[in-house]
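First the structure, in the form of structure tokens, and then the observations on it.
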Amino acid sequence: MLRFAVPSPSAIPASPTVSQIQIRIFGYEYPTSVVRRFRYLLPGIVAILAVMLVIWPVYLPGIPLAFIALPKQVWLLLLVLAYFAGHFVQALGNVFSDLLERPEERVFGESADVDCKVLVKQAHSVVHTAVGVTNVAPVWMYRLCDAAVLHCGTTNEREIFVYREGFYRGASVSFGLLTIGLFVRSIVGATSIFWNGRQMPVPRSLLLLFVVISAAGCVLMISRFHRFSQYRVRHALISFLLIHKKPVEVKNA
């Protein structure tokens, strides 16, 4: 009888991580680890804009918005503040996401679909054989699967899902704050901007249109956040089963 066994996880060659991949932007190559900083920077910029929209009508209701040229040092300081604001937005997003149904419950819990439950049952069988435990909670079942995938070095797709999930989580919070800021600006005082030497009023209907667009963006970002969080958990489950699949026995003819 011949026995074909799957190579051990340590024998599987490690795939390149996301941080090792180069991305070309405007003719220049940047490591993905640098590009991933935008998941903090971009939501942070939107969050700072939202705070300014709240402070403007409350403390400076009669002053029009003027566009002025700022020195490079000020722009650099604003980028640093936006980066730290992005971390605050991510922390706020973690608080809100904990109030919702976790993606581990949707994949490993009772709310999973029938096909997913078949895979989860097989994963529980593998864990029971390898570790000797049963009735593992969905969150800890995901952590076991994810740890096994990390141990084998196949982390490229996982890092992409984590990055996208974090970006959309922060973007949903920042767009929510922007919606609040625009709404406050639309109901408090009159809005005007100073452009080309002229003061031009901004109609309230236009601000309400921006409120609707920002709210729609918030809803879309929440939808994308949930999608990639489930991608992350499903990827851990499927990769875990592929790594630990049983050897195939073939009888000699």
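Using the Karplus relation 6.51 cos²θ - 1.76 cosθ + 1.60 with θ = phi - 60°, the per-residue 3J(HN,Hα) values for region 163-177 come to 5, 5, 4, x, 5, 5, 5, x, 5, 5, 5, 5, 5, x, 5 Hz, with x marking Gly and Pro.
Phi angles of region 124-135 translate, via the Karplus equation with coefficients 6.51, -1.76, 1.60 and θ = phi - 60°, into HN-Hα couplings of 4, 5, 5, 5, 5, 5, 7, 10, x, 10, 10, 6 Hz per residue; Gly and Pro are given as x.
Could you tell me what % of all Cα pairs in region 157-250 have separations over 15 Å? Please list the in-between numbers first.
Numbers: 3084 of 4371 pairs.
Across region 157-250, Cα pairs with separations above 15 Å total 71 percent.
Across region 196-204, rounded Karplus estimates of 3J(HN,Hα) from the backbone phi angles (6.51 cos²θ - 1.76 cosθ + 1.60, θ = phi - 60°) give 6, x, 10, 9, 10, x, 9, x, 5 Hz, Gly and Pro being marked x.
So, by mean Cβ neighbours within 10 angstrom, what's the order for 178-186, 117-125 with the highest one leading?
Going by the mean number of other Cβ atoms within 10 Å, highest first, we get 178-186, 117-125.
How far is the Cα center of region 194-213 from the Cα center of region 109-131, in Å? Region 194-213 and region 109-131 have Cα centres spaced 54 Å from each other.
Rg/Rh for region 41-140 (Cα atoms only, Rh after Kirkwood) is 1.31. Once Rg and the Kirkwood radius are both taken over the C-alpha atoms of region 94-253, their ratio Rg/Rh works out to 1.24. Stretching the chain fully between M200 and E101 yields a gain of 31.0 nm (0.36 nm per residue, less the alpha carbon separation). Inter-label distance, A147 to H128: 2.0 nm, where each label sits 7 Å from its Cα along the C-beta direction. Put a dot 7 Å past the Cα of L220, heading toward its Cβ, do the same for I55, and the two dots end up 2.9 nm apart.
What the Cβ-Cβ distance of L242 and E110 gives, at R0 = 25 Å and to the nearest 0.05, is a FRET efficiency of 0.55. Amide H contacts of I193: L65, M200, V202, each under 5 Å away and 5 or more positions distant or on a separate chain (H built 1.01 Å from N in the peptide plane; Pro and chain starts excluded).
Going by average Cβ neighbours within 10 Å, how do the peptides 160-173, 81-94, 199-212 rank, with the highest at the top? Walk me through the numbers on the way to the answer.
Working: 160-173: 22.6, 81-94: 18.2, 199-212: 13.4.
So the order, starting with the most tightly packed, is 160-173, 81-94, 199-212.
The numbers here are math on the coordinates, done by the rules we state, and not lab data. These numbers were taken from a predicted model, which means no experiment stands behind them. Using ideal geometry, Cβ is built from the backbone for each residue, glycine included, and neighbour counts are taken over all protein chains shown.
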